[in-house]
Amino acid sequence: MHAIDLITPDIPPLRPQDDLGRALDWMEEFKVAHLPVVESGRLVGLVKDQDLVDRNDARAAVSTVMEQVEVPFIRGGQHIYEAMKLFSERGLTVVPVLDDMGRYLGCITEHEALKRLAQVTNIHEPGSIVVLEMNAIDYSLHEIARLVESNDAKVLSVYSHTLPDSARIEVTLKINREDVSDVLRSFERYEYYVKSTFQGSKLHEDLRGRYEELMRFINL
């Protein structure tokens with residue numbers, strides 16, 4: 001899934017000459033804390049709500065408060081994970097999207113990115129979660145998937161991260177079966193350390209509930 005597929009068409013960019021009152025009104029309307037500033041089809045800056053409030057002059061131009069150095073953006077052909085990285089690292093609610101020539105295409109909201117990420121990770125699909133821990137050098141997705149599939153199950157999604165100050169990693173699997181006891185036995189036979197498991201429809205309902213609660217919070 002590419003960034004261009006996540007663009008929210010309803011949010012227009014600001015212009016440098018727009019006043020701060022308009023910027024604040026749009027932020028309230030679209031429930032975001034950032035807005036891109038575009039001039040002649042080019043991204044020239046980014047404004048955030050706190051800077052507008054601190055300026056305390058609704059008639060002042062957006063150009064007086066916008067960030068112009070290292071303005072964050074993503075290319076239309078980049079993956080959703082790159083967008084999520086920007087949201088996380090820069091604390092953004094909106095990420096501008098540019099084409100390969102640097103022309104402004106639109107923006108992605110944090111809300112839309114989270115919805116699409118839920119689709120990518122199959123959060124709405126019933127199944128179970130299995131968390132493995134292992135030495136990074138021993139990690140083989142091919143081997144893990146083979147063990148899962150040998151029990152007539154499928155890996156719907158996988159996420160791995162390195163544990164702090166360690167050469168070990170944690171691998172989280174979403175598996176398409178509610179009962180994965182046979183999969184767990186296979187992992188144990190091959191000496192995989194199963195750190196935790198969450199099985200069955202109760203897990204699915206809990207994950208869906210948490211996701212919907214997060215969406216409601218973002219929409220406040």
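The values are calculated or read from the model by the stated rules, or taken from the named source; none is laboratory data. Predicted model, so just to flag it, every value in this text is computed and none were measured. Heads up, the Cβs are rebuilt from the backbone with ideal geometry, glycines too, and the neighbour counts pull from every protein chain shown.
Residues in region 16-55 that are among the hydrophobic types (A, V, I, L, M, F, W, C), without any contact (Cβ under 8 Å) to a residue 40 or more places away in the chain and either crowded, with 16+ Cβ neighbours inside 10 Å or touching a strand residue (DSSP E or B) at 6+ places or on another chain (Cβ under 7 Å) (or both): 8 in all. In this structure, Y81 qualifies as over 12 Å from L43 (Cα atoms) and aromatic (F, W, Y). For region 167-187, the candidate set comprises residues that are of a type outside the set (S, T, Y) and out of contact with any strand residue (DSSP E or B) (no Cβ under 7 Å at 6 or more places or on another chain); within that set, the residue that is modelled with the lowest pLDDT is D179.
Only a single criterion out of (1) among the small types (G, A, S); (2) crowded, with 16+ Cβ neighbours inside 10 Å; (3) within 24 Å of the chain's Cα centre (by Cα) is not satisfied by G91, namely (2). The set of residues from region 30-46 being within 23 Å of the chain's Cα centre (by Cα) and part of a strand (DSSP E or B) comprises H34, L35, P36, V37, L43, G45, L46. The one condition from (1) exposed (fewer than 15 other Cβ atoms within 10 Å of the Cβ); (2) at negative phi; (3) at pLDDT 85 or above that V120 does not meet is (3).
Scanning region 17-29 for residues that are closer than 22 Å to E112 by Cα, modelled with pLDDT of 90 or more and touching a Pro at 6+ places or on another chain (Cβ under 7 Å) turns up nothing. Considering every residue within region 144-153, establish whether at least one is surrounded by 15 or more Cβ atoms within 10 Å (Cβ to Cβ), without any contact (Cβ under 8 Å) to a residue 24 or more places away in the chain and under 30 Å from Y193 (Cβ atoms). Looking for residues that are surrounded by 15 or more Cβ atoms within 10 Å (Cβ to Cβ), without any contact (Cβ under 8 Å) to a residue 24 or more places away in the chain and under 30 Å from Y193 (Cβ atoms), one finds at least one in region 144-153, hence yes.
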